[in-house]
Amino acid sequence: MKKIYILLVWVALHIFNANTLFAQVEGLTREKVLSMSTEELSGLTLDQLMEAIDVVGVSSMEELMNLIMNKNIVSASKSDENAFESALSSTVLSSREIEESGATSIEEALRLVPGVIVREKTNGTYDVQIRGNQNMPMNNMLFYAENSNTLVMVNGRPAFNYGNGNMLWETLPVSLGEVDRIEVVRGPATALYGPNAVSGVINIITKRMNSQTPLATVNFQQGNHNTDIRDLSIKKQVCDKLGVGVSTYYEYRDRNTTDIYAFPNPVKDDLGNITEIPGDRYVSLQEYAQLDETYKWSNDDVSESYDDTGLAKRKTGVNGYIEYKPTAKISLFANGGYMESKAITSLVGDNPTSYNQREATIKHGTLNGSIYGVNLKASVNNTLYDYNKGHPGWKMKSEQYNVDMDYLIQLGSFAVRPGLSYQSVYYDDRAYSPSADIGFFRDRIVLRNYAASARFDYTPIEALRLVAALRAEKYNVPDKMMPTYQFSATYKLNDNNLLRAVYSRANQSTFMTNAYSNYKWNRVGLGAPEIVHFGGADNPGMMVMDMLEVGYRTKPMKNLMLDFEAFYTKGKDYSALMPDSMSTVTFTGDPSLNPLLGQVANTTLHISYRDLELESTNYGVTLRADWIVSEKLIINGHVTYQQTIADNFMDYNRNQIAELQGAEYVPGMKKAIKDYLTYVATNGAAGANTPPLPYYSSSTQPDASEFKDNVKNEAVPSFWGSLTLTYKPIKLITLTTQAYYFDKYYIYTQWDMPGSNYATGHIDSKLSLNAKVSYHLSKKVDVFFNGRNILNNDSQEYLYMDNIGALYLGGVSIKL
Amino acid sequence: MNKILLFICVFSLWTTTNVCAQTSKFKALFIYNFSLNVDWPGNASSDKVVVTVLGDDEIQQELESISKMKKVGSKSLVVKSVDSVKEIEDSQIIFVGSSKSSLMPILDSYQKNKEVLIVADKAGLCKQGSGICFTTVSGKLRFEISQSMIEAHSIKISQKIVSLGIPVQ
């Protein structure tokens, strides 16, 4: 009986829907309008003409061509321009494309963007990279594989993490449902957006309000692994001048396991021979705790650090929007919000496992305005981070303030946009440190930079466009001025063929840890070194990237667009945490630590951020195609091939350098202690009557002559791509399938197994097939089934992280 | 396989060509209708209304065919076609084809203070100086209209047109 009711409701909805979709204006039929001559049509008034045209409708083809091949982009020049004619490598992903693709997160949606490689770590947490140059320097903490080269922004507000320089994607304070479009600019763009736009910029732009904006939108989907993704927006343009809106979102995802990976930790005998390698496998939290205790890996309170190993990601938040346009010359857009996140993903600390549980609470606000032509952007972002939950010293609050303004002066075919920018980022961990000597910074610290910029845009003849963007940025740490630039040119062979070239330079800023680290890791009881001190650099370097790029865009047919780009980059001035010196105090005056009494000596390893001579070269090509085959079928695809090469590569990891330093003095020190103790014990019959030195140390470093050139860095796959087919067999159904492939790649960390050559481990190539089928119940309601990796290719996508299998979801999308 | 691909290409090209011609005709009819509802004070004594089309042959041809059978009140409709901004002579309406949309800021700069209605084929260009921009909303041809941009060119447009458009600032 229940099934009959459901069937009746379905049939009723179907009939209602069909009536709504195919309704025709009384008296006017499609055939009638199409049979009217131009003279007859030109005799109609505008409202009559619109009524007649509405009956025929603009073909879906025309609409699709506008939506897909005639997009505008702002982020490539700070002005609205046709993406086809943009001088930079850039892509716009519309909300429609995102929705149809079935992407369940902003990160996953970026798989539709050429040149961007997206790999899932745990359910809903991702690594996102633009082109290559990942994992530089190689052979360090796992954290060095994080992307610190891409500036991510929400409505122009940097969402970048300045603590240690990366993007914590789960802290992105916006949901998919709020996104109007994502604009991606590939290649150095510091000259436009300031530091850290090195490999590119990802600008997430939320929906604005106009008379067409639905009053309410609801998106809801649930699936396996307790995946629950919801968002709700209520927006209203109150009058021509004022629009207000509020949105809220919730996302919850479990991992497909509760196990975590324990790093390989070789056990050595007194002669330095490896006797056992515990770890190097996935274990339950209980077993991990046992291993941790047995082998004295850490002093962690495991139950506090990983209070829910089944959780992958949880985020929830609320955003408010106000648009106010009091006059034609003034428009203001304000957005503020609050969010909380928690995730288990790859490690940013020094734990014996590759997993890291982290939390964040964010309050943010942005004001974008145009006042008599002056574009103003001011934003504030207050965050309470716990980067490494359960580990003292990793919890801290940050305040970030940004102000940017610019003004466009257009003089015929010449335009100049002068601008000023200011940014300050404060971190303070004092309130969250359990004692005065525990904490990463133990202070309130600041990174500040301000800049003057100008962008010149000249069109000497209409086929040729020359652009120069220049920016001089003054930093407080290091205390220096950094110039960056971006020169580009486009040449239109005709309306359907465009050649372009870019030469640009960008730089990273320094990060809090690089500049201000003052962290004492107490390892007493875990073996030497008993203390590891992490220090910042007095004058830290800032990585610089130069790029030469050429591109060609063509529309060989009205419904086909091809976009080709070839890039060549050189990176230098990398820095990383490296051991400066190791020292051992053999006699402190404290009898309990007096080696003469047989006590263990106290060894300290001093590690600091240090500039490296490492250089990188990254080159490759990307091809993108958009083909509107018919009103029913759209094909989009992209492929990227790239190679990254390291030169002046110091093939030593942190532990190996520490061992090098220890080897220089520890054997002699041990012998001196032993000889003297023997002398005392035998009353001078044996040993040596020379007391050991009170202090031994070494600051030896690998010899530069050992540095290697032309070393392949394959942390980013050499090849990846996506092919998407959107098929609408009937008006009520949309089916989108996407195949996403990446090639085998390698990650480089300090966790090398004995005998390994450069790389710590690899991830095999992977093909994922995604599909979403939507049934349009009415113009306002869609129901859908969404499958990600539907062939359940259950392999890892990122080293030491989860196997990523199928995710099946069902949901509904409502626009009222 | 190759034959199938070739067939798909030819089919999709044929489909595209047909639908574009249809839409161009509708847009030309819109432009003609705009000309009936705009007042150019400086053109009162002239016997013609000049529409210059920048970079869109199909619209230009459709407008030509309208101009052969229709007048703008008592004035004749004169249609000109140009490929560059600098070629544009005194016009009452300038239509900017989507392939030329990047020239909008330059066109705006050259046409500043002139009595002209700028109509763009690409949505969003009202922000860069266009008075009217075509757009499609749910399969329907619509137009964005910026009254402030139109007024900046010292011309008057009927409230009827304004009320039928999507207002933008």
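Annotations for the structure displayed:
- Considering residues of region A:409-419 that are assigned to a strand (DSSP E or B) and within 14 Å of another protein chain (Cβ to nearest Cβ) only, the residue nearest to the chain's Cα centre (by Cα): A:R417
- Per-region count, region A:309-338, residues under 19 Å from A:L176 (Cα atoms) and either within 23 Å of the chain's Cα centre (by Cα) or not assigned by TED's automatic domain parsing to the domain that holds A:T206 (or both): 12
- Selection status of A:M557, of a type outside the set (D, E), within 14 Å of chain B (Cβ to nearest Cβ) and free of Cβ contacts under 8 Å to residues at least 24 places away in the same chain: yes
- Checklist (1) within 30 Å of A:V318 (Cβ to Cβ); (2) in a strand (DSSP E or B) applied to A:L466, failing item: (1)
- Of the candidates A:N196, A:N166, the single residue that is assigned by TED's automatic domain parsing to the domain that holds A:V781, within 21 Å of A:T484 (Cβ to Cβ), modelled with pLDDT of 95 or more and in contact with a helix residue (DSSP H, G or I) (Cβ under 9 Å, 6 or more places away or on another chain) is A:N196.
- The one condition in (1) facing chain A (nearest Cβ under 10 Å); (2) open to solvent by 60 Å² or more (accessible area, probe 1.4 Å) that B:S24 fails to fulfil: (2)
- Within region B:130-157, being small (G, A, S) and within 9 Å of chain A (Cβ to nearest Cβ) holds for B:S138, B:G139, B:S146, B:S148, B:A152.
- In the set (1) over 30 Å from A:V680 (Cβ atoms); (2) acidic (D, E); (3) at pLDDT below 95, A:E565 fails one condition alone, (3).
- All conditions but one from (1) out of contact with any His (no Cβ under 8 Å at 6 or more places or on another chain); (2) more than 14 Å from chain B (Cβ to nearest Cβ) apply to A:F456; the one that does not is (2).
- Spans of strands (runs of 3 or more DSSP E) in region A:750-815 with at least 2 residues basic (K, R): A:766-776
- Counting only residues that are assigned to a strand (DSSP E or B) and either among the polar types (S, T, N, Q) or open to solvent by less than 30 Å² (accessible area, probe 1.4 Å) (or both), region A:431-454 holds 7 of them.
- Looking only at residues of region A:200-217 that are surrounded by fewer than 18 Cβ atoms within 10 Å (Cβ to Cβ) and away from chain B (no Cβ under 14 Å), we find that the one that is nearest to A:L332 (Cα to Cα) is A:L215.
- In region A:688-720, the qualifying residues are those that are closer than 18 Å to A:L605 by Cα and of a type in the set (F, W, Y), and the one that is nearest to the chain's Cα centre (by Cα) is A:Y696.
- Boolean, A:Y491 is assigned to a strand (DSSP E or B), among the hydroxyl-bearing types (S, T, Y) and under 26 Å from the mean Cα position of the chain (by Cα): no
- Only residues that are in contact (Cβ under 8 Å) with a residue 60 or more places away in the chain, surrounded by 21 or more Cβ atoms within 10 Å (Cβ to Cβ) and acidic (D, E) were counted across region A:375-430, and they come to 1.
- Selection count, region A:465-478, where residues are open to solvent by 50 Å² or more (accessible area, probe 1.4 Å) and more than 26 Å from the chain's Cα centre (by Cα): 1
- Test for A:E40: is it of a type in the set (D, E), assigned to a helix (DSSP H, G or I), surrounded by fewer than 23 Cβ atoms within 10 Å (Cβ to Cβ) and more than 8 Å from chain B (Cβ to nearest Cβ): yes
- Residue count for region A:487-508, restricted to those that are surrounded by 22 or more Cβ atoms within 10 Å (Cβ to Cβ) and modelled with pLDDT under 95: 0.
- The numbered conditions (1) under 30 Å from A:R96 (Cβ atoms); (2) within 11 Å of chain A (Cβ to nearest Cβ); (3) of a type in the set (A, V, I, L, M, F, W, C); (4) in contact with a helix residue (DSSP H, G or I) (Cβ under 9 Å, 6 or more places away or on another chain) are all true for B:I166 except (4).
- Residue in region A:621-629 that is surrounded by 17 or more Cβ atoms within 10 Å (Cβ to Cβ) and small (G, A, S) present: no
- Check on A:S341, at pLDDT below 95, buried (at least 20 other Cβ atoms within 10 Å of the Cβ) and within 22 Å of the chain's Cα centre (by Cα): no
- Residues in region A:769-809 that are touching a residue at least 40 places away in the same chain (Cβ under 8 Å) and among the aromatic types (F, W, Y) were compared, and the one that is least open to solvent (accessible area, probe 1.4 Å) is A:Y798.
Per-residue answers, yes or no, for (1) part of a loop (DSSP other than H, G, I, E, B); (2) modelled with pLDDT under 95; (3) more than 10 Å from chain A (Cβ to nearest Cβ):
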{"residue": "B:I4", "(1), (2), (3)": "no, yes, yes"}
{"residue": "B:N18", "(1), (2), (3)": "no, yes, no"}
{"residue": "B:V51", "(1), (2), (3)": "no, no, yes"}
{"residue": "B:K68", "(1), (2), (3)": "no, yes, no"}
{"residue": "B:V79", "(1), (2), (3)": "no, no, yes"}
{"residue": "B:K86", "(1), (2), (3)": "no, yes, no"}
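- From A:L46, A:L67, residue being at the interface with chain B (Cβ under 9 Å from one of its Cβ atoms), within 27 Å of B:G165 (Cβ to Cβ), open to solvent by less than 10 Å² (accessible area, probe 1.4 Å) and touching a Lys or Arg at 6+ places or on another chain (Cβ under 8 Å): A:L46
Conditions (1) open to solvent by 10 Å² or more (accessible area, probe 1.4 Å); (2) over 15 Å from A:I182 (Cβ atoms), marked per residue:
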site: A:V56; (1), (2): yes, yes
site: A:S75; (1), (2): no, no
site: A:D80; (1), (2): yes, yes
site: A:S90; (1), (2): no, no
site: A:S94; (1), (2): yes, no
site: A:A109; (1), (2): no, no
site: A:P114; (1), (2): no, no
site: A:N123; (1), (2): yes, yes
site: A:V128; (1), (2): no, no
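- Verdict on A:Y695 being in contact with a Ser or Thr (Cβ under 7 Å, 6 or more places away or on another chain), of a type in the set (S, T, Y) and crowded, with 16+ Cβ neighbours inside 10 Å: no
- Exclusive hit being in contact (Cβ under 8 Å) with a residue 12 or more places away in the chain, open to solvent by less than 50 Å² (accessible area, probe 1.4 Å), of a type outside the set (A, V, I, L, M) and on the phi < 0 side of the Ramachandran plot, set A:T248, A:T227: A:T227
- Pair list, Cβ < 6 Å and 6+ apart or interchain, from region B:96-117 residues that are more than 7 Å from chain A (Cβ to nearest Cβ) and within 16 Å of B:V51 (Cα to Cα) to residues that are assigned to a helix (DSSP H, G or I) and open to solvent by less than 30 Å² (accessible area, probe 1.4 Å): B:L107/B:V85
The values are calculated or read from the model by the stated rules, or taken from the named source; none is laboratory data. Just so you know, these numbers come straight off a predicted model, no measurement behind them. All Cβ positions, glycine included, derive from the backbone under ideal geometry; neighbour counts span all protein chains shown. We work out accessible area using only protein heavy atoms, side chains counted, and drop any ligands, DNA or RNA first. Shrake-Rupley method; radii C 1.70, N 1.55, O 1.52, S 1.80 Å.
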